[in-house]
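Below: one structure, written as structure tokens.
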Amino acid sequence: MRAQTEKKAPLSFFEIVDSLFIDHDLRNYSARVFSNYKVKRFRLVNDHFKMQYVPKNRYGLGVGIANSKILIDVAFNIKSGQQEVTKRFDAQGSLVLKNQHYFNGYLQLYKGFNTKNNYGDPSLFRRDIKSKTIGFNYLYTFSEIEFSYSLLKAGLSKTNKNVYITGGIGTFAVFDYFSADGSVLPENGLLYFNEKANIKRYNGRAVGLLTGLLSAFILPKNLIATCNIMPGIAVINENVILQEGNYRPSKPMLYKLDVSLALSYNVERYYINLMYDTGIYSTQLGGDNKYLFNLSMAKLAFGYKLKI
């Protein structure tokens with residue numbers, strides 16, 4: 001007689017949401033208030049000269065909620081009565097699944113940048129320059145994440161070791177775009193850059209490999225310090241629209257480095273976190289021109305645990 005095996009019914013949408021995002025232990029929940037600094041800036045550089053594009057009103061205040069599975073922070077941008085402001089939407093999030101799967105993602109939409117250079121021209125605010133960046137990182141760790149940067153943010157970091165180090169491998173993807181009504185270079189920019197930097201619109205799509213090193217150090221007085229480093233390399237599909245014509249760079253490689261640093265004070269009912277994250281991306285545009293952008297965030301958060 002042939003043995004029959006019972007098939008398990010697929011999980012429903014609500015069961016999937018519950019397993020991924022819902023923590024049923026109220027002791028793992030906290031409410032948070034925070035101040036932050038967020039910026040997406042980009043640069044065009046050659047062997048001698050550099051143009052920088054930096055948004056304004058980079059500071060914010062916000063509130064959030066965290067548990068062992070997800071952290072949601074909502075910030076309100078501080079404009080301080082400035083006449084020239086960057087219009088922006090900047091969202092980031094992270095998630096740890098089954099102790100060995102680390103995800104984080106981001107979506108950044110900016111309009112309005114200060115243009116700066118190293119050849120002596122005054123800086124200028126350009127309302128017409130836009131930037132869009134969306135992407136994610138996934139890291140599979142070689143050992144279970146006894147201690148994670150995500151749990152540190154949520155005030156739930158616990159480990160029996162004074163020094164904790166683990167590594168992992170994974171993947172990342174990013175879409176990046178910037179444009180202007182005319183050239184992103186100033187009027188006399190071609191005196192310092194060649195025609196291939198006379199860019200009206202750029203977009204690039206990249207998928208690549210990521211490695212990571214996660215570390216934590218237990219210090220006296222309920223302090224924990226962490227340092228996470230994740231370098232990556234990707235193949236990128238780029239299209240550069242010039243004032244006259246367009247081209248695709250001949251070296252379709254993107255290099256990146258993510259660094260996260262944090263210091264946390266954590267006691268029974270509350271926690272205080274100070275952290276800094278930055279991601280640096282670099283690719284060759286051709287004609288001795290390089291395109292670099294970085295996504296950076298600093299945050300000071302105070303969290304209150306809802307139950308002990």
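The values are calculated or read from the model by the stated rules, or taken from the named source; none is laboratory data. Every value quoted in this text rests on a predicted model; they were computed, and no experiment measured them. So basically every Cβ, Gly included, is an ideal-geometry build from the backbone, and we count neighbours across all protein chains shown. Keep in mind that these areas ignore ligands, DNA and RNA; they rest on the heavy atoms of the full protein, side chains included. Shrake-Rupley method; radii C 1.70, N 1.55, O 1.52, S 1.80 Å.
With respect to TYR247, is the statement that it is farther than 21 Å from TYR102 by Cβ and not β-branched (Val, Ile, Thr) true? First the steps, then the outcome.
Numbers: farther than 21 Å from TYR102 by Cβ: yes; not β-branched (Val, Ile, Thr): yes.
So TYR247 fits the description; yes.
If I go through the stretch 45-81 residue by residue, how many of them are among the hydroxyl-bearing types (Ser, Thr, Tyr) and closer than 30 Å to ASN188 by Cα? It would help to see each step written out before you state the result.
To start, the set of residues in the stretch 45-81 that are among the hydroxyl-bearing types (Ser, Thr, Tyr) comprises 53, 59, 68, 80.
Applying the additional criterion that residues be closer than 30 Å to ASN188 by Cα yields 53.
Qualifying residue count for the region: 1.
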In the stretch 156-184, anything open to solvent by less than 60 Å² (accessible area, probe 1.4 Å) and either over 20 Å from ASN294 (Cβ atoms) or of a type in the set (Lys, Arg) (or both) is listed as LEU156, SER157, THR159, TYR164, THR166, GLY167, GLY168, GLY170, THR171, GLY182, SER183
Among the residues of the stretch 74-93, are any modelled with pLDDT under 80 and under 20 Å from ASN294 (Cα atoms)? yes
In the stretch 214-241, residues that are closer than 30 Å to TYR271 by Cβ, among the hydrophobic types (A, V, I, L, M, F, W, C) and exposed (fewer than 14 other Cβ atoms within 10 Å of the Cβ) total 2
Checking the structure you have, find out if any residue of the stretch 60-68 is crowded, with 16+ Cβ neighbours inside 10 Å, touching a Lys or Arg at 6+ places or on another chain (Cβ under 8 Å), not in a strand (DSSP E or B) and not hydrophobic (A, V, I, L, M, F, W, C). no
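Suppose we filter VAL259, VAL235 for residues that are free of Cβ contacts under 8 Å to residues at least 40 places away in the same chain, farther than 27 Å from SER143 by Cα and in a strand (DSSP E or B); which single one remains? Walk me through how you get there before you give the answer.
Working: VAL259 fails: farther than 27 Å from SER143 by Cα.
Checking each option against the conditions leaves just VAL235.
Take the residues in the stretch 91-101 that are touching a residue at least 24 places away in the same chain (Cβ under 8 Å) and open to solvent by 30 Å² or more (accessible area, probe 1.4 Å); name whichever of them is nearest to ILE70 (Cα to Cα).
Initial filter on the stretch 91-101 (touching a residue at least 24 places away in the same chain (Cβ under 8 Å)): 92, 94-97, 99-101.
From what's left, open to solvent by 30 Å² or more (accessible area, probe 1.4 Å): 92, 97, 99-101.
Values: GLN92: 12, LEU97: 10, ASN99: 13, GLN100: 15, HIS101: 13 Å.
Across the stretch 91-101, the extreme among qualifying residues is LEU97.
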Checklist line | Condition met for HIS48 (surrounded by fewer than 16 Cβ atoms within 10 Å (Cβ to Cβ), at pLDDT below 90 and not hydroxyl-bearing (Ser, Thr, Tyr)) | finding: no
ARG205 meets each of (1) surrounded by 14 or more Cβ atoms within 10 Å (Cβ to Cβ); (2) at pLDDT 95 or above; (3) more than 18 Å from the chain's Cα centre (by Cα) with one exception, condition (3)
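Would you mind stating whether LEU124 is open to solvent by 30 Å² or more (accessible area, probe 1.4 Å), closer than 30 Å to ASN198 by Cβ and in contact with a Ser or Thr (Cβ under 7 Å, 6 or more places away or on another chain)? Don't jump to the end; show me each part of the working.
Values: open to solvent by 30 Å² or more (accessible area, probe 1.4 Å): yes; closer than 30 Å to ASN198 by Cβ: yes; in contact with a Ser or Thr (Cβ under 7 Å, 6 or more places away or on another chain): yes.
It is true that LEU124 is open to solvent by 30 Å² or more (accessible area, probe 1.4 Å), closer than 30 Å to ASN198 by Cβ and in contact with a Ser or Thr (Cβ under 7 Å, 6 or more places away or on another chain).
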GLU244 meets each of (1) open to solvent by 30 Å² or more (accessible area, probe 1.4 Å); (2) in a strand (DSSP E or B) with one exception, condition (2)
Review point. If you go through the stretch 219-239 one residue at a time, do you hit one that is farther than 30 Å from GLY167 by Cα and of a type outside the set (Gly, Ala, Ser)?
Key: yes
